[in-house]
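Data first, discussion second: the structure below is written as structure tokens.
Coordinate-derived values only; no laboratory data. Computed from a predicted model, the values in this text were never measured in an experiment. Cβ placement follows ideal geometry from the backbone for every residue including glycine, while neighbour counts extend to all protein chains displayed.
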Amino acid sequence: MFTDGMRPAGVLQFGDVTAFRFRDEMHSLGFANESYDCLVEVVESDWHKELCRIEPDHLLVTVKESKHFAVLLSSNGYLEVVAKSATLG
């Protein structure tokens, strides 16, 4: 039973997360193409490149092996995650 009486629309699960950021729609700098209520991979990501540049050399799980995912959750905000994997359930 859900406490607010509403069922979730779906579940996003990310594996080996390195970083994430979330902004409401009004404070976002824009959105990845086709990310409206849809999980997408952001290719040629400046954020991913920045994380690769500042990452320490000794880490076992590296940002270089990860991807930048994004989804605009309608009327809720914009979620971006750098992780090795993403699944929708």
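The label point for Asp46 and the one for Asn33, both projected 7 Å from the Cα toward the Cβ, are 1.7 nm apart.
Charges were assigned to the Cβ only: +1 to each Lys and Arg, -1 to each Asp and Glu. The resulting dipole of the stretch 12-88 about its Cα centre is roughly 140 debye. Remark on Ser45: its backbone amide H falls under 5 Å from none of the residues 5 or more positions apart or on other chains, H modelled at 1.01 Å from N.
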